[in-house]
Amino acid sequence: MFASAVILAGGKSSRMKTNKAMLNLHGTTMLQLVIDRLRPAFNEILIISNEPDQYKYLGLPVYCDIFPNRGPLAGIHAGLQNITTNRAFLVACDMPFVNTHLANELLLELDHYQVAVPRQGKFLQPLHAAYRKDCLPMIEQCLQTERPKITSFYDSARVKYFDFDEHPEYDWDTIFFNVNTPEDFQVAQAMDLKEILHR
């Protein structure tokens, strides 16, 4: 499948008090863990950050938000604006246990939908989701009208909600484990990385 991967590394990390992307987890940075997980599945990997100099050493394209200070929706916008394909899998840098099998399933849904997002009950995971490039006008409208919530444009798009209740092969709590706090980081350090990444 010809698709791109976009890593959002532009969060303020206010609860962690440091750059989460560069935290050392299991002998490497969280960002590098995500890159290493994505690299076999994607020919194109982009990083979105408003501090691009921090990531030049990785040798990957790094782009800044076109709409600054608008949160992760602006990161999704910048990613879709700069991919060379028509579809992208987007993931946050603080989700080190990204699952590429799930990513590919979500991307396949873009044959018929503009967004494919995991859902469990009322909970969504829009930062481990797939988006088509033709979402850009809808996203831009939300950003221009000060509606920066990621899901603000979902009502205007064709969205596939990928229900985890129908996919017991995927572990919601592990795949979407989000390192937001020092306590989360301690939990991530104690997790069996090799076992997780071979699922």
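What the table below lists for this structure:
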read-out: Residues being more than 13 Å from V117 (Cβ to Cβ) and in contact (Cβ under 8 Å) with a residue 12 or more places away in the chain - total across segment 145-166; value: 5
read-out: Filtered residues of segment 72-101 (kept if over 13 Å from the mean Cα position of the chain (by Cα) and assigned to a loop (DSSP other than H, G, I, E, B)); value: I83, T84, T85, N86
read-out: Residues that are over 18 Å from M191 (Cα atoms) and more than 16 Å from the chain's Cα centre (by Cα), drawn from segment 23-49; value: P40, N43
read-out: Residue tally, condition open to solvent by 10 Å² or more (accessible area, probe 1.4 Å) and not hydroxyl-bearing (S, T, Y), over segment 94-127; value: 19
read-out: In segment 139-150, the residues that are over 23 Å from V179 (Cβ atoms) and open to solvent by less than 30 Å² (accessible area, probe 1.4 Å); value: I139, C142, L143
read-out: Residues (outside any loop (DSSP other than H, G, I, E, B), at pLDDT 75 or above and open to solvent by 30 Å² or more (accessible area, probe 1.4 Å)) located in segment 7-28; value: M22, T28
read-out: Test: residue in segment 48-61 that is touching a Phe, Trp or Tyr at 6+ places or on another chain (Cβ under 8 Å) and surrounded by 23 or more Cβ atoms within 10 Å (Cβ to Cβ); value: yes
read-out: In segment 24-67, the residues that are among the hydroxyl-bearing types (S, T, Y) and either free of Cβ contacts under 8 Å to residues at least 12 places away in the same chain or out of contact with any Cys (no Cβ under 8 Å at 6 or more places or on another chain) (or both); value: T28, T29, Y55, Y57, Y63
read-out: Single condition S4 does not satisfy, out of (1) open to solvent by less than 10 Å² (accessible area, probe 1.4 Å); (2) in contact with a Lys or Arg (Cβ under 9 Å, 6 or more places away or on another chain); (3) at pLDDT below 90; value: (3)
read-out: Selection within segment 64-93 - open to solvent by less than 20 Å² (accessible area, probe 1.4 Å), in contact with a helix residue (DSSP H, G or I) (Cβ under 9 Å, 6 or more places away or on another chain) and either among the basic types (K, R) or more than 12 Å from A129 (Cα to Cα) (or both); value: L73, A74, H77, L80, I83, T85, C93
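Quick grid of which residues meet (1) farther than 22 Å from D163 by Cα; (2) among the aromatic types (F, W, Y):
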| residue | (1), (2) |
| --- | --- |
| L25 | yes, no |
| I35 | yes, no |
| Y55 | yes, yes |
| I83 | yes, no |
| V98 | no, no |
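The values are calculated or read from the model by the stated rules, or taken from the named source; none is laboratory data. Just so it is clear, the structure is predicted and the values come from calculations on it, not from any experiment. When we count neighbours, we look across all protein chains shown, and the Cβ atoms used for this are built from the backbone with ideal geometry, even at glycine. Remember, those area values only see protein heavy atoms, side chains included, never the ligands or the DNA or RNA. Shrake-Rupley method; radii C 1.70, N 1.55, O 1.52, S 1.80 Å.
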